[in-house]
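See below for the structure under consideration.
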Amino acid sequence: METQPGDALVLDPGLVERFDRVLCDVPCSGLGTLRRKPEIRYKPLDSLDGLPDMQYNILWNASHYLKRGGRMVYSTCTLNPAENEEVVERFLAKERDYVLAEPLKSWVHGRDGLDCDGFFTAVLVRKGGSG
């Protein structure tokens, strides 16, 4: 196995349908990690405006790399529906070859509900194949 640099916003034709599993841990607002990264509070809100489109484009590109029957995970470290559910719903509305493998999941991880971080995951399957 080898690694190589790439740009998730640019479709690489050489990677189309090569993988059984794809992880899209996309850039996000990080609002689920405010406890550990308080500086996020000081970002201008309008700096987050383009994130859902960028996240969708990364998900769309990555979807082409998945073999039929393969699984893809979309994840963020935010609880913002615009970056989570809305991106996945937009993708599924346009890409009929994909279905959810399990319900969308927003979750909080920490102890006693206090020192917590918020995350989101969606597991998608590309129809066809046995994967």
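What follows is calculated from the coordinates using simple rules that are stated; it is not laboratory data. Because the structure is a prediction, the values reported are computed rather than measured. Glycine gets a Cβ as well: all are built from the backbone with ideal geometry, and neighbour counts include every protein chain shown.
The angle between the Cα long axis of helix 51-63 and the main principal axis of the chain comes to about 30°, on a 0 to 90 degree scale.
Between ARG90 and CYS116, what FRET efficiency follows from the Cβ-Cβ distance if R0 is 35 Å, with the result rounded to 0.05? Efficiency for this residue pair is about 0.80. Axis angle, to the nearest 10 degrees, between helix 85-94 and the longest C-alpha principal axis of the chain: 20 degrees.
Within the chain, the longest run free of exposed loop sites, counting trypsin sites (Lys or Arg not before Pro) that sit outside DSSP helix and strand states (H, G, I, E, B) and have at most 15 other Cβ atoms within 10 Å, spans 37-95.
Taking the structure as given and computing P(r) over Cα pairs in 10 Å bins from 0, in percent, which label from (i) 13, 43, 33, 10, 1; (ii) 12, 40, 32, 15, 2; (iii) 11, 38, 40, 10, 1 fits? Working out P(r) over Cα pairs in 10 Å bins from 0, in percent from the coordinates points to (ii). Whole-Hz Karplus values for segment 66-71 come out as 8, 6, 4, x, x, 10 Hz, taken residue by residue from phi with 6.51 cos²θ - 1.76 cosθ + 1.60 and θ = phi - 60°; glycine and proline positions read x.
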